[in-house]
Amino acid sequence: MDRRTLLKTIALATLLTGGQAGLASAADTIKIGEINSYTSLPAFTLPYRNGWQLALDEINAAGGINGRKLEVVSRDDGGKPGDAVTAANELVSRENVSVLFGTFFSHIGLAVSDFANQRKIVFVAAEPLTDALTMEKGNRYTFRLRPGTYMQAAMLVEEAVKLPAKTWATVAPNYEYGQVAVKVFKELMSAKRPDIKWVDEQWPAMGKIDGGATVQALARAEPEAIFNVTFGADLTKFIREGNTRGLFKNRAVVSLLTGEPEYLDPLGDETPKGWIVSGYPWEQIKTAEHDAFLKAYRAKFNDYPRLGSVVGYNTMKSVAEMIRKAGSTDTDKLIAAGEGLKIDSPLGPISFRAEDHQSTMGGYIGKTDMKDGKGMMVDWRYANGADYLPPSSEVAKLRPKN
Amino acid sequence: MSFLFIQFLNGLASASSLFLVASGLSIIFGVSRIVNFAHGSFYMLGAYMAFTLVHKLSGGTIFGFWGGVVLAAAAVAVVGALVEMILLRRIYQAPELLQLLATFGLVLIVQDLVLTIWGPEDLLGPRAPGLRGAIDIFGQSFPQYDFVLIILGPVVLGLLWLLFHRTRWGTLIRAATQDREMVAALGVNQSWLFTSVFTLGAFLAGLGGAVQLPREAVNHVMDLQIITEAFVIVVIGGLGSVLGAFLAAVIIGELNAFGILIFPQLTLVLTFLVMAVILVVRPWGLLGKPEGVVRGGAGAERPIKPLSPTGRNATVALLVALLALPMISGNYGLSVASEVLIYTLFAASLHFMMGTGGMVSFGHAAYFGLGSYGAALTVKYFGVPMLAALVAGPAVAGIAALVFGWFCVRLSGVYLAMLTLAFAQIAYAVVFQWSSFTGGDNGLIGIWPAPWAASPTAFYYLSLLLCGGGIVAVRRITFAPFGYTLRACRDSALRADSIGIDLARHRWYGFTLAGFFAGIAGSLYAFLKGSVFPDTISIATSVDALVMVLLGGVQTLAGPIVGAATYKILHVSISSYTDQWRTALGVIIIVLVVAFPMGIVGFIQNRLLRSGRVEDAA
Amino acid sequence: MSANTLSVRGLCKNYGGVAAVSGVDFDLAPGEILALIGPNGAGKSTCFNMLNGQFPPSAGSIKMFGEELVGKKPRQIWRMGVGRTFQITATFGSMTVLENVQMALISFHDRLRALWPFAGGLYQEQAFQLLELVGMATQAGRPCSVLAYGDLKRVELAVALANSPKLLLMDEPTAGMAPKERIELMQLTADIVKQRGISVLFTEHDMDVVFTHANRIMVLSRGRVVAEGKPKEVRENPEVQATYLGTGAVYDHSKDTGAA
């Protein structure tokens, strides 16, 4: 009994000395905190990390920001919002970072965003797709780079309404992202095409899809078209079962995210043809700014970029530009700089809207195809996020007034 | 009609895969009583190895494919044998469930290992040669490969039956499942028997993973996806019963296949609902028998004793140090210290239930999480001040424990543990799915402390007061008649019953109290983080609590405190320094388990005993 | 209210068609020591477990001072004043000898759910007295998990006496003990029950113990009472001699130790 106290004291002492050690750091760098789900979602977050590291190197090679170098302190949240808040707290309280960025999962994004609101520090969310982040639960400290669920669904709807199909079924992972994607897609579709009937919906638990049963259930409803929101391992299983069982024969499919290399590449020779997807056809984009990014990325990592790489790269660039424009790391000045901030990204110029802090980064909409046993996108176009932002009236209605 | 038949076949195909994994788990448990948490890792390794081997061996030939699958399973079997001989063999004498802790360490290590060897991306293996297409059944397409799976399940079941009933080895295994001491007394080399059983179990798990190759992309979360489901099947079937596992696998497989037609939204919870119902009706699963008396192991716990003068002084010193902490620590250190305190109470509440009360819980997060939600929801909907929320949270947790506990306390051992898990998962699903009320997976945010407690120092003192007070209260209750009553029920149900103790009733009260204290920890956690998410109720949180208690030593009162502090501090600090924190944590856990099989505090007590400072014990 | 401590009529127990106990009738007077003997499988333990409330009888009635016990749970029967020891001792291994007795006293005084007082401080005096009675006071602070078997039997006796019982049910009280210990323990038991006027029903394989201490003996064979009476009468009963005592297989000590 008495030794336990000794142990505990030692443990605490270790913690505390560790806690103090971090305080001494050079004043000539600007510290930035970064959090993401590196261990739980490596397929997305490792390319993402490459992306921001590339941007960071470029920025520092060019002399840093306002004469100071940037230093990023990065933490893994293990896929848990509680751990993300601990990490955010460590970064802000112990590492004294000026800005936070990162996160993939929606709920973790929300947790960190709320922490940022509480601690009055700017947070640039990289990936979380939930619309709540900029709408109902938005706050003045949070900015988001990637187009949210609404915007992504809206981009696909534009193509989907052109399909002759009148009966539709949906399949989506059973959590907020899947639910909202389906809801928005249905609303926008039905508004433009009142003749559409929704004949079935499947809600496999994320990561636990029962491929055969789900495919069979969808087939039974005999829809003319299917809207899919599953991704990752679920998507692969769904597609393989669907291919074997002929679900996709003579049936249109509209599918979120499927064209992203993260999800498209593992499909290999199973890649379905002619699906309308959002994605990132990195090997076919021939703009100068993308070429430069691609070349630099391949040189540094000897690998091709995923969409996550672009997200990481753009987020880092946005943070840097925000600090440069603000001319300081003062939070209020950073926010003022962030509203309306413009950066040049590999996908073209993007800006952050003042009213909801959402960037206008867009996405690529096209069709899937297969060449030499590998998936690719064809007939694609860049959908500029600016054209798909939620209506200002909607934002004004939903976003809390600060 | 044809559609229903196809859906039935779909269910059978899934059932076969589940059965392969679950049968191995069941056999291992039956003989060695090891709750093998790493069984999912074997499954995942089987899939990854099959991916590599099939690519290496086959130019698309049938032999190459199936050879690769079998070789992969064999490779996993070798891994299993090594794990048993190098690690588990050292800790068979430890208290029950400590092996679970060791296998949890393995899970962490394998996760990093797989990432390092095979990379982060999902890997889609080839289809099985000769079985690429579909067969037309009543106008519906059904994959040829799934027929192989449907046949594979009963074939493996038959082979296992032959193995168990037609070989001497099998007879010994069956005997050991009934009574392993007896088999040891017959002069059978027990370690050889255990190694062979573990190897067979690992082989089956590896095979289960390998045959998934043509069905799904191999990915690095396969381990955790399968493990709970495998446990559910083992428990529904009855621990140690291979035929039971088969029946349960068919039930779950069919349930999923047909469930999604009728209740597409219930995918999260369907299996757990069924498990809960089956366990309530049949407390030992479908074909299980009441668990035999577990003899040997670590032996009886020592009597509990109030603090010695040294212990008292040390506790006072610790308290002084904790009170003085804000003077030397920064804000981050204080927040971490608050978190450690919260987890310490959480672990202490679990220990009260499983140590003092003898009721192991795999779902203690339910009460922690419902405490968090109780607090957060009252803030959100009634705008009550923080203090009121800190009352409401534990009340919600206590009520939940009262309801769930009523069913759970009628069971015992692993069955009880799995029923707690089922209820936790049901609570999780409700919170997850009821978005309009609980915020769903996006959780509830903006649950920050009242202004007077907002500073890290103030919140730390509040945590110290409530958690310290909670721990003192738990300790006091342990020494009070009620704590003795719970230990009486744990030590000997027969004797307790014959001195007038209503077992179910007192265990029920104990369960509820444990839930209540977990709820206090959970409520504080909500305010510490400023938000609540369903993951507070998740299996991962329950496992964390279990790990903390086992790490500290389940047979000691100070165990959960030391275990929680050690685990949480390790977790927080390691993940700050390395991306490979899972490997680091896994290795540390395994080292601790092997070095301190009685837990850290148990080890210290034993040392004190040997030096003669604590008198009289086994 | 009946004068008899126990009054058993037509007690039966069937296990899937096999009658383990059929039609057992007997009475037990206050202060009487009744031994239940018979070969292995005669139904002694089944009888005991029905009296104790562990198993429900298939038929029959068990009345204690006129009150029906059938249908009551063991813990309720205990509260009516029935103490019990087991063939294989059942004690609380993680508690000391003293605490084991205190536990029974806490239950007796209905304080099981108290959350505040230290259990170790409750009813210490009474517990000590009971331990002194059975000669275990010197070992009061030792954990039950480390006691010798004979000492555990004594602890059980002390626990069984904690609720001031009117009836003691002892299932092979001396099984597994050395011959000298057996005699000591039974003598002790006999003295205590005599002094307190407690009725005792016990089963036993050791005929020395049985014939020395029992006031009356009941012989059970294949679930039926084949003889009943004073020790002397039973010893001389030809049927008993034929079926049980006289076969030369009266009792095999080594077997008994093995069974315990």
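The values are calculated or read from the model by the stated rules, or taken from the named source; none is laboratory data. Remember, predicted model here, so these are calculated numbers, not experimental data. Methodologically, a virtual Cβ is constructed for each residue, glycine included, from the backbone with ideal geometry; neighbour enumeration extends over all protein chains shown. Surface accessibility is based on the protein's heavy atoms, side chains included, excluding ligands, DNA and RNA. Shrake-Rupley method; radii C 1.70, N 1.55, O 1.52, S 1.80 Å.
Structure above, values below:
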read-out: Breaking point among (1) closer than 21 Å to B:Ala376 by Cα; (2) within 11 Å of another protein chain (Cβ to nearest Cβ), for B:Ser523; value: (2)
read-out: Matching residues in the range A:209-233 - criterion: being open to solvent by less than 10 Å² (accessible area, probe 1.4 Å) and more than 8 Å from every other protein chain (Cβ to nearest Cβ); value: A:Ile209, A:Val215, A:Leu218, A:Pro223, A:Ala225, A:Ile226, A:Phe227, A:Asn228, A:Val229, A:Thr230
read-out: Members of the range C:160-204 found to be more than 18 Å from C:Gly31 (Cβ to Cβ) and in contact with a strand residue (DSSP E or B) (Cβ under 8 Å, 6 or more places away or on another chain), listed by number; value: C:Ala162, C:Asp171, C:Glu172, C:Thr203, C:Glu204
read-out: Considering residues of the range B:355-366 that are of a type outside the set (Phe, Trp, Tyr) and under 17 Å from B:Ile537 (Cβ atoms) only, the residue surrounded by the fewest Cβ atoms within 10 Å (Cβ to Cβ); value: B:Gly363
read-out: Number of positions in the range A:373-393 that are out of contact with any helix residue (DSSP H, G or I) (no Cβ under 9 Å at 6 or more places or on another chain) and of a type in the set (D, E, K, R); value: 2
read-out: The range A:79-132 - residue that is among the acidic types (Asp, Glu), more than 8 Å from chain B (Cβ to nearest Cβ) and touching a helix residue (DSSP H, G or I) at 6+ places or on another chain (Cβ under 8 Å) and, of those, least open to solvent (accessible area, probe 1.4 Å); value: A:Glu127
read-out: Residue count, the range B:310-331 (criterion: touching a residue at least 60 places away in the same chain (Cβ under 8 Å) and facing chain A (nearest Cβ under 7 Å)); value: 1
read-out: Test: residue in the range B:572-583 that is open to solvent by less than 10 Å² (accessible area, probe 1.4 Å) and either outside the structural domain of B:Val110 (by TED's automatic domain parsing) or without any contact (Cβ under 8 Å) to a residue 40 or more places away in the chain (or both); value: no
read-out: Answer residue from the range C:100-119, given it is open to solvent by 20 Å² or more (accessible area, probe 1.4 Å) and either among the charged types (D, E, K, R) or in a helix (DSSP H, G or I) (or both) and is farthest from the other protein chains (Cβ to nearest Cβ) among those; value: C:Asp110
read-out: Subset of the range A:56-85 [part of a loop (DSSP other than H, G, I, E, B) and closer than 11 Å to A:Asn36 by Cα]; value: A:Asp77, A:Gly78, A:Gly79, A:Lys80
read-out: Of residues in the range B:202-228 being surrounded by fewer than 22 Cβ atoms within 10 Å (Cβ to Cβ) and not hydrophobic (A, V, I, L, M, F, W, C), the one farthest from A:Asp210 (Cα to Cα); value: B:Thr228
read-out: Qualifying residue in the range B:440-450 (condition: more than 12 Å from chain A (Cβ to nearest Cβ) and touching a helix residue (DSSP H, G or I) at 6+ places or on another chain (Cβ under 8 Å)); value: yes
read-out: Answer residue from the range B:484-500, given it is more than 7 Å from chain C (Cβ to nearest Cβ) and in contact (Cβ under 8 Å) with a residue 12 or more places away in the chain and is farthest from C:Tyr123 (Cα to Cα) among those; value: B:Arg490
read-out: Unique residue being under 16 Å from B:Arg215 (Cβ atoms), touching a strand residue (DSSP E or B) at 6+ places or on another chain (Cβ under 9 Å) and not in a helix (DSSP H, G or I) when the list is A:Leu247, A:Leu267; value: A:Leu247
read-out: Residue check for A:Pro194: assigned to a loop (DSSP other than H, G, I, E, B) and free of Cβ contacts under 8 Å to residues at least 12 places away in the same chain; value: yes
read-out: The range B:402-417 residues that are open to solvent by less than 10 Å² (accessible area, probe 1.4 Å), paired with ones that are charged (D, E, K, R) and modelled with pLDDT of 90 or more (beta carbon under 9 Å, 6 or more apart); value: B:Gly405/B:Arg507; B:Cys408/B:Arg507; B:Val409/B:Arg505; B:Val409/B:Arg507; B:Leu416/B:Arg410
read-out: Some residue of the range C:144-154 being touching a residue at least 24 places away in the same chain (Cβ under 8 Å), surrounded by fewer than 20 Cβ atoms within 10 Å (Cβ to Cβ) and at the interface with chain B (Cβ under 10 Å from one of its Cβ atoms); value: no
read-out: Hits in the range B:252-275 (condition: away from chain A (no Cβ under 14 Å) and surrounded by fewer than 22 Cβ atoms within 10 Å (Cβ to Cβ)); value: B:Val274
read-out: In the range A:260-304, the residues that are in contact (Cβ under 8 Å) with a residue 40 or more places away in the chain and under 15 Å from the mean Cα position of the chain (by Cα); value: A:Glu260, A:Pro261, A:Glu262, A:Ser278, A:Gly279, A:Tyr280
read-out: Test: residue in the range B:1-13 that is open to solvent by less than 30 Å² (accessible area, probe 1.4 Å), closer than 21 Å to B:Pro126 by Cα and part of a helix (DSSP H, G or I); value: yes
read-out: Within the range B:276-294, tally of residues that are open to solvent by less than 20 Å² (accessible area, probe 1.4 Å) and in a loop (DSSP other than H, G, I, E, B); value: 2
read-out: Tally, over the range A:281-302, of residues that are of a type in the set (A, V, I, L, M, F, W, C), open to solvent by 30 Å² or more (accessible area, probe 1.4 Å) and farther than 16 Å from A:Gln53 by Cβ; value: 3
read-out: Residue count, the range A:133-145 (criterion: surrounded by 24 or more Cβ atoms within 10 Å (Cβ to Cβ) and more than 10 Å from chain B (Cβ to nearest Cβ)); value: 7
read-out: Subset of the range A:174-208 (residues that are of a type in the set (D, E, K, R), more than 7 Å from chain B (Cβ to nearest Cβ) and within 26 Å of B:Gly439 (Cα to Cα)); value: A:Lys183, A:Lys186, A:Glu187, A:Asp200
read-out: Pairs where the first residue, in the range A:311-340, is over 15 Å from A:Leu70 (Cβ atoms) and the second is in a helix (DSSP H, G or I), C-beta under 6 Å, 6+ apart; value: A:Val311/A:Tyr48; A:Lys333/A:Ala326; A:Ala337/A:Met322; A:Ala337/A:Lys325; A:Ala337/A:Ala326; A:Gly338/A:Met322
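Conditions (1) loosely packed, with under 14 Cβ neighbours inside 10 Å; (2) touching a residue at least 60 places away in the same chain (Cβ under 8 Å); (3) among the aliphatic types (A, V, I, L, M); (4) more than 10 Å from every other protein chain (Cβ to nearest Cβ), marked per residue:
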{"position": "B:Ser335", "(1), (2), (3), (4)": "no, yes, no, no"}
{"position": "B:Leu341", "(1), (2), (3), (4)": "no, yes, yes, yes"}
{"position": "B:Met353", "(1), (2), (3), (4)": "no, yes, yes, yes"}
{"position": "B:Phe368", "(1), (2), (3), (4)": "no, yes, no, yes"}
